[in-house]
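**Student:** To start, I am sharing the structure in question, which I have written as structure tokens.
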Amino acid sequence: MNSFPYFLFICSSPNRMISILSHLSSFYSSYVLGVLTVGYVLGELGHYLIGVTSKQTAIDLDYGDKACQMNTTMFERTELPEQCSAVMNDTNCLALELNGTNYCEWNYNGLGIEYQILAGPTFILIFTIAGVFMGVAADKYNRVKMLTVCTVIFGIAIILQGSVKKYWQLVLLRMIMAAGESGCNPLATGIMSDIFPESKRALVMAIFNWGIYGGYGIAFPVGRYITKANFFNLGWRVTYLGTGVLAILMAILTGTTLREPERQAIAESNMHDKNGKKGNIWSVLRNPAMIMLMIAASIRHSGGMTFAYNADLYYNIYFPDVDLGWWLFCVTIGIGSVGVVVGGIVSDRIVAKMGVRSRAIVLALSQLVATLPAFGSVYFNPLWAMITLGLSYFFAEMWFGIVFAIVVEIVPLKVRSSTIGVFLFVMNNIGGNLPIFVDPVAKKIGYRGAIMIFYAGMYGISSILFLITCFMLEGKPKTEENTNKYDKDIEAHTRHIHGHDNSVFTGDEVPPYNNNLPVVLTNNHLQKVNGIDKAHIRESSRL
């Protein structure tokens with residue numbers, strides 16, 4: 001019997017495909033992480049493409065600032081009698097020549113307040129507001145279905161961006177794209193937290209959130225070289241069309257092959273504070289440690305967004321004769337990826353010894369070490385700029401996954417996705433909108449100085465804030481005897497926080513290995529065996 005048609009018959013049914021995948025449980029969790037990460041990469045690619053295609057988009061749609069720019073690769077910058085960027089008007093710009101050849105043009109450079117608004121606020125405004133609602137909905141409804149719909153929405157919006165004729169149309173579609181992408185982080189984080197154990201959590205979160213840097217890094221070669229290739233005579237537009245189509249394909253894969261995981265439940269109906277009131281999201285958000293963590297993350301995010309929105313434009317303006325597209329791609333994807341993984345592994349390894357505080361210590365140290373080479377990446381000439389950028393990226397990119405590992409460990413299950421939505425709202429509104437001040441500051445002190453302040457400077461400030469945060473978090477996990485006095489406090493671990501216990505993610509089902517002794521689950525996630533309380537902590541995945 002030919003088995004190939006039978007295989008096609010099985011794969012043609014989504015339910016049968018899900019059934020097959022469920023039997024491969026040892027690989028399913030990794031598969032889920034892969035699908036979620038690739039989908040996130042495509043969303044972030046659509047997000048950051050504007051930073052690389054901005055000059056071509058501005059010329060096509062007629063927006064932003066105009067400047068004198070080098071328009072030929074025939075000469076090195078050192079050969080030019082006068083640099084194009086030093087000329088402030090079109091007449092003198094067009095008059096510059098070398099050996100009878102005009103080497104400058106007066107045209108849109110992709111910068112200006114219109115660009116900064118397009119790249120930042122128009123996206124962030126919708127992204128953050130929608131993200132809060134997505135987080136709340138994720139705590140109540142099927143996350144896989146919601147994520148599928150969100151991916152379809154941002155995929156279609158990216159495709160349509162490749163067909164716009166006016167600036168306002170691009171603004172509107174970026175807002176729609178932001179609404180769809182806003183669900184990726186809270187929905188995916190909730191799914192992954194129910195699949196992976198604490199011992200892998202920071203690494204898993206780091207890999208997933210690497211999607212931000214993956215999409216950003218891929219944007220450099222895609223935005224530069226595919227635009228230059230001018231496929232089908234579409235120029236920059238084909239980059240958006242291709243990205244959107246791939247996003248739609250990932251949405252189909254998400255909806256047909258992933259299943260909603262069982263939520264890791266605890267006895268939340270008994271979660272009360274010392275006054276007898278139920279713990280809720282507001283009690284979590286009012287906690288000083290959470291407030292400081294949000295502020296620190298917002299400042300760090302501002303530094304990252306500043307570089308993300310301005311890197312390609314910056315290097316094109318200061319080094320127009322040097323093609324750094326592949327360098328930026330390799331540094332971001334290669335070195336940045338290693339930093340993400342190392343940060344997750346280091347954080348996971350030491351959290352059991354020092355508690356959740358250790359994650360904040362890793363954050364503070366990594367951002368401190370990254371600060372000086374970040375300054376170097378916008379101070380030196382191309383070679384050393386790329387070397388110092390790589391060094392900075394290795395340490396700087398440790399932060400995102402670790403931050404969200406802390407968040408999911410210090411909030412209760414029932415408000416986990418809601419808290420992530422609010423956290424992203426605050427972080428993106430502050431961090432995503434601060435780069436808009438790059439333009440007015442650049443007009444006062446120069447573009448390079450503005451990038452130094454809002455990029456490298458923010459790294460240094462965030463390091464100090466993360467260090468302050470670590471003192472607000474609990475250190476090494478306390479013993480059962482020492483933690484009894486906190487039984488009446490909120491069990492969300494936002495007041496006396498330690499990461500190793502992590503009862504938020506402990507299943508409430510009775511394990512099958514208790515030597516046939518009667519087991520009763522009590523408050524505070526203890527098992528009562530023959531009248532003796534024993535801690536119920538499960539570290540491995542349920543799959």
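Values in this text are rule-based calculations from the coordinates and carry no lab data. Bear in mind that the values here come from a model prediction, so they are computed numbers and not experimental data. Note that we place each Cβ from the backbone using ideal geometry, even for glycine, and neighbour counts take in every protein chain shown.
**Student:** First select every other residue whose beta carbon is under 9 angstrom from the beta carbon of Tyr167; then total the charges, Lys and Arg +1, Asp and Glu -1. Present the calculation step by step, with values, prior to reporting the outcome.
**Tutor:** Numbers: positive: Lys166; negative: Asp62, Glu114.
Around Tyr167, the charge tally is -1.
**Student:** What ranking, highest mean first, results for peptides 237-244, 323-330, 40-47 when packing means the other Cβ atoms within 10 Å averaged over each residue?
**Tutor:** In descending order of packing, they fall as 40-47, 237-244, 323-330.
**Student:** How large is the Kirkwood hydrodynamic radius of the range 33-116, in angstrom, based on all distinct alpha carbon pairs? Walk me through the numbers before you get to the answer.
**Tutor:** Values: mean 1/r = 0.0670 Å⁻¹.
Across the range 33-116, the inverse of the average 1/r is 14.9 Å.
**Student:** Next question, about the same structure. Using the Kirkwood radius over Cα pairs, work out the Stokes-Einstein diffusion coefficient for the range 142-214 at 37 °C and 0.692 mPa s, in µm²/s as a whole number.
**Tutor:** 241 µm²/s
**Student:** Determine the dipole magnitude for the range 288-475: charges of +1 sit on the beta-carbon of Lys and Arg, -1 on that of Asp and Glu, nothing else is charged, the reference point is the Cα centre, and the result goes in debye to the nearest 20. Don't skip to the answer; put the middle values down first.
**Tutor:** Numbers: 10 positive and 8 negative charges, 99 e Å.
The dipole of the range 288-475 has a size of about 480 debye.
**Student:** Taking the highest mean first, how do the peptides 371-383, 402-414 order by number of other beta carbon atoms within 10 angstrom per residue?
**Tutor:** Highest to lowest by the protection proxy: 402-414, 371-383.
**Student:** I've got another one for you. Give the distance, in whole Å, between the Cα centre of the range 417-457 and the Cα centre of the range 353-398.
**Tutor:** 18 Å
**Student:** Something else about it: What residues have an amide H closer than 5 Å to that of Leu111, excluding those fewer than 5 places away on the same chain, when H is modeled at 1.01 Å from N in the peptide plane?
**Tutor:** Residues meeting the amide H criterion: Asp65.
**Student:** So, by mean Cβ neighbours within 10 angstrom, what's the order for 152-162, 418-428 with the highest one leading?
**Tutor:** Per-residue mean Cβ counts within 10 Å order the peptides as 418-428, 152-162.
**Student:** Based on alpha-carbon atoms only, what is the radius of gyration of the range 288-475 relative to the globular estimate 2.2 N^0.38 Å? Let's see the in-between values first.
**Tutor:** Details: Rg = 16.8 Å, N = 188, 2.2 N^0.38 = 16.1 Å.
After normalising by residue count via 2.2 N^0.38 Å, the value is 1.04.
**Student:** Note down the magnitude of the dipole of the range 139-226 about its Cα centre, charges +1 on Lys and Arg C-beta and -1 on Asp and Glu C-beta and zero elsewhere, to the nearest 20 debye.
**Tutor:** 300 debye
**Student:** Report the FRET efficiency, 1/(1 + (r/R0)^6), for Ile113 and Ala86, where r is their Cβ-Cβ distance and R0 is 22 Å, rounded to 0.05.
**Tutor:** Efficiency, rounded to the nearest 0.05: 0.45.
**Student:** Past 24 Å, Cα to Cα: identify those pairs from Lys166/Lys443; Lys145/Lys165; Lys66/Lys228, in the order given.
**Tutor:** Lys166/Lys443; Lys145/Lys165
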